[in-house]
1. Between residue 161 and residue 200, with labels modelled 7 Å along Cα→Cβ, what's the label distance in nm to one decimal, could you check?
2. Averaged across orientations, what area in nm² does the convex hull of the alpha carbons in region 79-159 project?
3. Using a simple charge model, +1 on the beta-carbon of Lys and Arg, -1 on the beta-carbon of Asp and Glu, nothing else, what dipole does region 29-112 show about its Cα centre, in debye to the nearest 20?
4. Go through region 95-102 residue by residue and turn each phi into a ³J(HN,Hα) via Karplus (6.51, -1.76, 1.60, θ = phi - 60°); whole Hz please, and just put x for glycine and proline.
Amino acid sequence: MAGLAAGNKVIIRRRFCVTAAMPGKKPFVRAPRDEYYLRIAYDVAARSTCLRRQIGAVIVTGDVIVSTGYNGNPRGMLHCDLIGCIRDELNIPSGERMEICTGVHAEMNALVFAGPAARGGALYCTIVPCNTCAKMIVNAGVKRVVYSEGYPDVMGFETLKQCGVQVDRIASKKGKAATKPEHRKEELNPRLLRDIRRMKEELREKFAAASALELKSAEIVRRKKTRGG
C-alpha cells in the first residue's frame, strides 16, 4: 500500500486490519467498526443523569456518525439527580410501565437529532431498544441495530425483527458506563419544588389508576375462567 515504509505489510481479513510493525515495534490490531461505534456509545452514556441506568446511542449513516443521544429528562426540566427518580419511589421494575417516567430514551434523542439522516443507517446502543424506541427506529428508516446489553422488555427486539431490521448483539470490551450519577442534594427554588411535587403526584395518580385497572381486568379474566370451568 502506498505510503508504507519498506518492509511493512498490511493483511486485511474481513473487517480486521493487522499491521506488521516497523522493526522493534509490536504489531497491532485495529478495532472492528461495530466495536468502535459501540465504545463511542458507552462514552456517550456517561453524559446521562439517569439514576437507574446510563444508556448511550449512536447513529451511523455511510460510515459517518450523524447523531448521538443519551437518556435523561427533556430540555428545560431538572435532571433526575436533582429531583429524584419517580420509578424508584414507586418501586417500578425495569422494563415495566414506561409511561411512568420523566426521561427521554437515548435512542429517541439520537433519532430526533439525526432527523432524515438516520434513514438507511445503523443505530448502535448500549442496550437493546424498548418497544417504543423500536417502533421509532423502524419508522425512521434505520436498517440495522447493534447493541451490547440486554433489557427486561424483549418486545422491542421482536418488533425490530418482524419489521425487517437487522439486529446484532456484540459484547463490547468497553463495558458499562464507568460512573453512575448520585442524587444531588441542592437548595432548589420553592416554586420549582412545588412544580416537581405536582408532577410526581400526577404520575403517582396515573400509576395508581393503571394498576387498579390491571387488577380489575385480571379479576374479570379470573371470573370468566371460573365460570367456564
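Since every read-out is calculated from the coordinates, none of them should be taken as a lab result. Quick caveat, the model's predicted, so the values are computed rather than measured. Cβ: placed from backbone, ideal geometry, glycine included. Neighbour counts: every protein chain shown.
1. 4.0
2. Values: hull surface 22.3 nm².
So the Cα hull casts an average projection of 5.6 nm².
3. Values: 9 positive and 10 negative charges, 29 e Å.
Charge dipole, region 29-112, about its Cα centre: 140 debye, nearest 20.
4. After applying 6.51 cos²θ - 1.76 cosθ + 1.60, I find x, 10, 6, 5, 6, 8, 6, 8 Hz.
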